[in-house]
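The values are calculated or read from the model by the stated rules, or taken from the named source; none is laboratory data. Quick caveat: nothing in here was measured; it's all calculated off a predicted structure. We place every Cβ from the backbone using ideal geometry, glycine too, and count neighbours over all the protein chains shown. Accessible surface is based on the protein model in full, side chains and every heavy atom, while ligands, DNA and RNA are left aside. Shrake-Rupley method; radii C 1.70, N 1.55, O 1.52, S 1.80 Å.
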Amino acid sequence: MTSRRFNRLLAASAAVSAGALLLAGCASGAAPAASGDADASAEIVVGSQNEPTNLDQIFGGSSGVTEVFTGNVYEGLFRITDDAEVEPLLAAETEVSDDGLVYTFTLADASFHSGDPLTAEDVKYSLERFVGDESIAARKNQLKVIQSVDVVDDKTVAVTLAQPSISFTYNLGYVWIVNDEAGELTTTADGTGPYALADYRKGDSITLEVNEDYWGDAPANGGVVYQYYADPTALNNALLTGAVDLVTSQSNPDSLAEFEAAGFQIIEGTSTTKELLAFNDRLAPFDDVAVRKALYSAIDREKLLDAIWDGRGELIGSMVPPSEPWYLDLADNNPYDPALAEQLLAEAGYADGFTFTIDTPDSGVHSTVAEFLKSELAKVGVTVDINIITDDEWYQKVYTDKNFQATLQGHVNDRDINFYGNPDFYWGYDNADVQSWLAASEAASTVEEQTELIAKANQQISDDAASVWLYLNPQLRIAAEGVTGVPENGLNSLFYVYDITKA
């Protein structure tokens, strides 16, 4: 075996590098480093509209479960930094075989909140659970490359892949290592992270307490409360009145001037959140590329972006944002052109239009976007019925049962073009070339080869109008004066809270 060790020395080096990047980012809007008068015992209250639908990532949980639990309550073998770098975490050392098929991990000396020590059996259980039949985790398909997980000894586990996977350690950064004795985790938690779950009140809040026996560095604060608000106005009022210390995402740009005038910090980072009009490509008329392209060209996305985000954010033309290495500027690939839309509809046999339903979650701006789309599509003779549902209903009806015609959703995941290589994903896009390119990209031996293959898939899904990528959200967070250490970027809803302090 050729040894490529991610040992503690490399971990320290990676941490220094990431810290330098974050420090540089402070000049462009990130929260400043913690000050000397910060209160290490202070509880941080985080306001959010992104409540998990449950507390277990393998049963969906929405992006809210990532926001609260990943890196805070649960840890992975690796950690994805705020700048999308991969660092070792529970994998203290890693060896990779010459053929790239066997990864052998030596585990850190960590324990779960329940007191059980971390063992190789826990890693085996967690990985097999993540890719198992019951799992609906978003990255499950990308990790199906795992062929077997074998316990070498209590602190060593070997993972064998069916084929080389250039993104394997990156993807492992999103997989929680859970206690194999924990049992049902949709309302409870047992991780190795710096915080333990103290209280869960569905529809209201999640409280995290400091794990006093944490194996790593202690958090800089005395605990965290996530307070949930369905209404963005109520969330803004909570921040203005001091009921919360910061908000994870600002969905109302009209209020920014008020916050700036009141002395709040506006933290603007890099977003990976794409607002999608996703079709069920299995069903007529959305199984016809011409129909999908027609609806795309009927929507004035620039007008929509300005209406929702007041000029912030940007237009994109595929699932890949500019922050990723295989980005192509495809914003005009399906141009706004109502005359073209009418022509394409006529050629597809829908000269008189048709009627379809958009199922939209009641959270965020989705219902507002739906009304805009209804107005735009009516101009080319297409009638839209809007069905507003809860996030829980969306996960069951759309994501799980695939019982829908079209839907609106904000996809937060980074590097998630791979979803278009899975014909069983909820939108049902099925293109053999795209599947082949994406599969080959994972087996690529170099980043350059990977980038070339994914760029092909990127172009094709845009040419096929597999979905309508309405816009890329801006990443805006607001924090009260004296609050420091807030993560800048919005990578896949990761939100590490252990460095956040307040005076």
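Cross-link partners of LYS502 among aspartates and glutamates, defined as those whose alpha carbon lies under 15 angstrom from its own and excluding same-chain residues fewer than eight positions apart: ASP37, ASP39, GLU43, ASP245, GLU481. Computed from Cα positions, the angle between helix 338-347 and the longest principal axis of the chain comes to roughly 80 degrees.
For LYS379, the lysines whose Cα falls under 27 Å of its own Cα, not counting residues fewer than eight places away in the same chain, are LYS274, LYS293, LYS303.
Solvent-accessible surface of region 326-474, taken per residue with a 1.4 Å probe and all protein chains present: 40 Å². Local charge for ILE461 was computed over the other residues whose Cβ lies under 13 Å away, with Lys and Arg +1 and Asp and Glu -1, and equals -2.
The order of the peptides 426-437, 324-335, 272-283 by mean Cβ neighbours within 10 Å, most packed first, is 272-283, 426-437, 324-335.
Charge dipole (Cα centre; +1 on Lys/Arg Cβ, -1 on Asp/Glu Cβ; no other charges) of the chain amounts to roughly 440 debye. The mean of 1/r over all pairs of different alpha-carbon atoms in the chain, once inverted, gives a Kirkwood hydrodynamic radius of 23.6 Å.
Rounded to the nearest 20, the size of the Cβ-charge dipole of region 312-408 about its Cα centre is 40 debye, with Lys and Arg at +1 and Asp and Glu at -1. Electrostatic tally near LEU197: other residues with Cβ closer than 9 Å to its Cβ, Lys and Arg +1, Asp and Glu -1, net -3.
Could you pull out every one of the lysines with an alpha carbon less than 21 Å from that of LYS124, ignoring same-chain neighbours closer than 8 positions? Hits, sequence-local ones excluded: LYS140, LYS144, LYS155.
Multiplying the residue separation of GLU212 and GLU371 by 0.36 nm and subtracting their alpha-carbon distance yields 52.3 nm.
The spacing between region 363-412 and region 216-274, judged by their C-alpha centroids, is 26 Å.
Protection proxy ranking for 302-312, 472-482, 119-129, using the average of other Cβ atoms within 10 Å per residue and placing the highest first: 472-482, 119-129, 302-312. Set the Förster radius R0 to 30 Å, insert the Cβ-Cβ distance between THR241 and ASP306 as r into 1/(1 + (r/R0)^6), and round the FRET efficiency to 0.05. E between THR241 and ASP306, to the nearest 0.05, is 0.50. Packing around the peptides 190-198, 407-415, taken as the average count of other Cβ atoms within 10 Å per residue, puts them in this order, highest first: 190-198, 407-415.
The label point for ALA40 and the one for ASN141, both projected 7 Å from the Cα toward the Cβ, are 4.7 nm apart. Rolling a 1.4 Å probe across the protein heavy atoms gives region 85-178 an accessible surface of 37 Å² per residue. Of the residues VAL486, LEU408, ILE44, the one whose Cα sits farthest toward the positive end of the charge dipole of the chain, with +1 on the Cβ of Lys and Arg and -1 on the Cβ of Asp and Glu, is LEU408. Placing +1 on the Cβ of each Lys and Arg and -1 on the Cβ of each Asp and Glu in region 362-491, which of ALA465, ASN418, ALA370 has its Cα farthest towards the positive end of the resulting dipole? So the residue furthest toward the plus end is ALA370.
Counting only C-alpha contacts under 8 Å and six or more residues apart, can you give the relative contact order of the chain as a whole percent? Taking the mean separation of contacting Cα pairs over the length of the chain, I get 22 percent.
Which residue, VAL244, SER441, THR104, has the largest displacement toward the positive end of the dipole of the chain when charges sit on each Cβ (Lys, Arg +1; Asp, Glu -1)? The residue sitting farthest along the positive end of the dipole is SER441. Rounded to the nearest 20 debye, the dipole magnitude of region 116-194 is 560 debye, with +1 charges on Lys and Arg beta carbons, -1 on Asp and Glu beta carbons, and the Cα centre as origin.
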